[in-house]
1. Looking at this structure, is residue B:188 assigned to a loop (DSSP other than H, G, I, E, B) and of a type in the set (A, V, I, L, M, F, W, C)?
2. Among the strands (runs of 3 or more DSSP E) contained in the range A:4-89, which hold 3 or more residues that are without any contact (Cβ under 8 Å) to a residue 60 or more places away in the chain and under 21 Å from residue A:166 (Cα atoms)?
3. So in the range A:16-67, with the set limited to residues that are under 25 Å from the mean Cα position of the chain (by Cα) and among the hydroxyl-bearing types (Ser, Thr, Tyr), which one is nearest to the other protein chains (Cβ to nearest Cβ)?
4. Identify, by number, the condition in (1) surrounded by 15 or more Cβ atoms within 10 Å (Cβ to Cβ); (2) in the same structural domain as residue A:13 (by TED's automatic domain parsing) that residue A:121 doesn't meet.
5. Are any of the residues in the range A:261-270 at negative phi, within 12 Å of another protein chain (Cβ to nearest Cβ), within 25 Å of the chain's Cα centre (by Cα) and not polar (S, T, N, Q)?
6. Taking residue B:245, is it β-branched (Val, Ile, Thr) and under 19 Å from the mean Cα position of the chain (by Cα)?
7. Find the residue count for the range B:107-134, including only residues that are assigned to a helix (DSSP H, G or I) and more than 9 Å from chain A (Cβ to nearest Cβ).
8. Name the residue, out of A:82, A:3, that is surrounded by 22 or more Cβ atoms within 10 Å (Cβ to Cβ), more than 10 Å from every other protein chain (Cβ to nearest Cβ), over 16 Å from residue A:287 (Cα atoms) and among the charged types (D, E, K, R).
Amino acid sequence: MVKRIALVQLSSCWGCDQSLVDLHLRLLDVLPELDIVYWPAVVDYKLADLEAMPKSSIHFGFVEGSCRTKEDEHLLNVVREKSKVLIAWGSCSVYGGVQGLGNQWTIEELLDRKFIKADTITDPRIPEENLPGFTNHIRPNPAIVPVDVILPGCPPTSDNTAEALTALLTGKPYDLPNKTVCDQCPMERKEKIIKKFKRTHEGKIEPGICILDQGYLCLGFATIGLCGAQCPTVNTPCKGCFGPPPNIKDHGAKIISALGAIADMSHEELKAAFPDPIGSFYFTDYASSYLSKIRDKQRSKAKK
Amino acid sequence: MSKDEKTIRIAPVTRLEGHGELTIKLTKTGKVKDVQFNVSSTRFFEKFLEGRFAEEAPRIAPRICGICPEPHHLAATKAVEAAWDITPPPAAVKLRRLLINAKQYSSHALHFFALAAPDFLAGPFGDPALRNVVAIIKALPDVGKMALEVMQFGQELAAAVGGKAIHPVTSTPGGMLNPFSEEKRDEFLKRSEKAKEQTLATVTLAKKVVEDYWDPITKLAVTPTYYLGMHNKGNLEIYDGDLRVMDPAGKIVADFKPKDYRKYYGEYVPNHSYATHIYYKPDGYPKGIWRANSLARCNIADKMATPIAQEALQEMRDALGRPIHATFAYHWARIIELVQAIEEIESLLKDPDIVSTDVKLSDVQPKKGDGVGCVEAPRGTLLHHYWTDEKGIITKVNMVVATNNNIAGIEKSLMDAARQIFEDKAHESLKFPDPIIK
Amino acid sequence: MRSRFALLENLLEEAGFEVERVHLQWASAAEGDVFAEGITNMVERIKKLGPSPVRDGD
């Protein structure tokens, strides 16, 4: 039976959709199973068409991106209402994404940099006409509406999306594996004692040897193993973009905890090595961290 | 809005990456009063890049766009290298050229087949349910299969060089983290033969579309603007070169190094779009509104950098002149660039340096400074400007992303099209072919 | 242990929190429910024990 599917984009980069398109010829097997009722990037149905659909009339609603604008919030609520099964698709959707790093500042500070202070700006103003307005703080989608399936990744690989889609189409559950990137990584590992951390551009990352053992900040040990260790395979440290393994609530806190254990350095040296813990330890999931949530509460109170 | 005015809202604009709506205001006599292209989201990368290690910018910035992450990856790398006075090994530059051309190839194919072709194959009056690539694949399976294979070639080559196609990772200040293996080079060189044949078949298809739609192409939304693009000694260039600005009369009014962009780039903040309007600063706004992207690059360049593409460019210029203002000619220019991309890819794969292991400097020192990294993304000239402190931490960012260069020009061409359609009823008098997909 | 707290201090500072005021609370957040429960238990235990026998001493 052909299933009705909607693919909705909130504020995001479209990488998850591109990853789906990158099934290439395998799309020819998947497409006949699907009746695409809403996918603005590819198909010409309008928002009004989506809003007019009966409740729960869409089998699978895939939501990419996070709520940076009030329009995103509206769209998220609409697709939740119209979908039987809502899938938070990609790290933006599950954890807030890289734009969650913006939560370090107030929305006023973000607007100021972009629309008032930028070097090339000649006529500064905050645009307001026929535009939705911004949310004060990025909250992850699962904190805004109930989500049925989560599929993190930045983006999820074509295989990840195909697997999830197949499970959904055949009515089977889709659970995230309790694995880390290390479980998929081909590098040779030794006992972990780091005497000095190196930044990515420093020295030379030797192929074949665990990148963390070499002193580079590779977060594979604390990151869910879904991607096939794509980055370490090409001599590049994992940045944790798929988020934590299941049941870890705060990705960065877990990473800090582990680093404290393996770093054979004075705590002054360790502090000096990581002047940007938010950027280093919370690449796509700062919006899901305890501190971001506390900050969100404080700012909401202040605005009232 | 007065009682007899009418507002038409198209929400969202489809077959577009991102968030855009159109607001068209008509007077009570049916004249087009205003057309707004409302880009309705932005994520503030310029701010949240502050405080980050600059060498991580090539990992963060690609998240601006899932279709063109490679240009961001490379512009970010170049900006840091400029700030820290670093020159990467020549073989690393060749790998980066291979990466950006692989992406140019797959992105241009995606645009032509999935975003643009539905309009031409189903026709502008076709059923919305048929105006999409899924319908194309169903109705024309051979074309559909070829489209998928062409995109696959570009994406898989990008992944082979960049680690992954969506959000590549191997470019870093100082070079590349991973060399290109001989095995991969052999594989892709072999595959490039078929890709080239398929590219030429795509050119044939594109020329048929141009022929069938000649009337609308030459009459609808022929919008004079300035043009911005990159060149290398006059040849169309997408990785590293100087920038040119051409005025609507076809005169080159500026030719400059990207680091001097602030003399030439003006950024106007409209009240109705989160994406700003970029224009040629010396001539003011709105007169200096420029467009970037394929047609602009083909206008400012003296010629293409590769032979078959150059023949194709000459054909377009023989038909439409120079500069070409016809907005629909963007599709034709895009296919000409598709040809240059596959020719560049072939040439780089044949170069023995492409498998060199000398692709990264081992001693890279951060320093206090600022640098501009500029490349051509498929949608236009992409510029990243970073300031770093003595530890190499980013303190300030200014970015003019590719699409930004086109927002004002899009609005201008929409105004022209809206007038022609609402006031002159052009859709009734223009000659359209019978649609192929019904 | 000190290394972990050192990094946490960096994080708090960068996230815009006063390190001194929030320090104790944060130590509990890293261990989540376990630590919160531990503190509750400790307070209850101390209440039951009453004032410390060495309180009036030095």
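1. no
2. The strands (runs of 3 or more DSSP E) meeting that bar are A:34-38, A:58-64.
3. The residue in question is A:19.
4. Only one criterion is unmet by residue A:121, namely (2).
5. no
6. Yes, satisfied.
7. Number satisfying all stated conditions: 12.
8. Working: A:3 fails: surrounded by 22 or more Cβ atoms within 10 Å (Cβ to Cβ).
It is A:82.
The values are calculated or read from the model by the stated rules, or taken from the named source; none is laboratory data. Remember, it's a predicted structure, so these values are computed and weren't measured experimentally. Every residue, glycine as well, gets a Cβ built from its backbone with ideal geometry; the counts of neighbours run over all protein chains shown.
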